[in-house]
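The structure under discussion appears below in the form of structure tokens.
Every read-out reported here was derived from the displayed coordinates using simple, explicitly stated rules and does not represent laboratory data. As the structure is a prediction and not an experimental result, all values here were calculated from the model. No Cβ is skipped: glycine too gets one built from the backbone with ideal geometry, and neighbour counts run over all protein chains shown.
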Amino acid sequence: MKYLFMSLILISCGYQKQQASDMISKQITEAVDPRKNHSIDERILPYYKRFEKLFSTKIVDIPASFKDLESRVLGKCVLWSIGDSVLFREIFISPKIHNRTDLEKEVIIFHELGHCQLLRSHENTYILTDDYDFIPSSIMFPTTIGGKEYYKPLRDYYHKELIRYVK
């Protein structure tokens, strides 16, 4: 478990609010769309479709593309808002995920959709498993929760935890 914990620390999300660590919230003064991209990269699109089908929801106007990010950041959600009203959203995914498994990509993209679609912040809590290991309680954990180690056997749990916030 020590090895697994170290991997959690090394790779994280790029969500940054004003003082948070990985969702970027930018205040704008007028409703002019600042995004340069308005599409979803074809390599990210299957995960958007999987999210929509799984949660019976429609993702509207959240472009996603690959972009080099900070050294240990694999994904980033950027929100543009006026006051408390979010007007524009965009997701950036690091090209570093190309060599990841399908489940690892799902975790990263679902995590960023948790920020951008569901407007969720990070969850820094753990659950105790039957093996007496402490593992992240949510896909919204600030560092990646991995694919095969415990996401795969607990995938239904993590999806149910995330779906509580689907609008």
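For the pair Ile28 and Val166, what calculated FRET efficiency results from E = 1/(1 + (r/R0)^6), where r is the Cβ-Cβ distance and R0 = 22 Å, to the nearest 0.05?
On the way: r = 27 Å, r/R0 = 1.21.
Computed FRET efficiency for Val166 and Ile28 comes out at 0.25.
Can you list the residues of the range 70-85 with backbone N under 14 Å from a point 7 Å past the Cα of Leu119, pointing along Cα to Cβ?
The answer is 79-85.
Counting DSSP beta bridges in the range 2-163, what percent are antiparallel, to the nearest 5?
Once the DSSP bridges in the range 2-163 are tallied, antiparallel ones form about 50 percent.
Can you give the % of DSSP beta bridges in the range 36-125 that are antiparallel, to the nearest 5?
If I count the DSSP bridges inside the range 36-125, around 65 percent turn out antiparallel.
Give the distance, in whole Å, between the Cα centre of the range 67-117 and the Cα centre of the range 125-167.
Computed from Cα coordinates, the inter-centre distance equals 18 Å.
Limiting things to C-alpha atoms, what are the Rg and the maximum Cα-Cα separation (Dmax) for the range 2-163, in angstroms?
Expressed in Å, the Cα Rg and Dmax of the range 2-163 come to 15.4, 53.
Over 28 Å between Cα atoms: which of Lys58/Lys160; Lys36/Lys96; Lys26/Lys53; Lys26/Lys160 fall into that group? Each step should come with its number before you reach the end.
Numbers: Lys58/Lys160 17 Å; Lys36/Lys96 22 Å; Lys26/Lys53 30 Å; Lys26/Lys160 30 Å.
Violating the 28 Å Cα-Cα cut-off are Lys26/Lys53; Lys26/Lys160.
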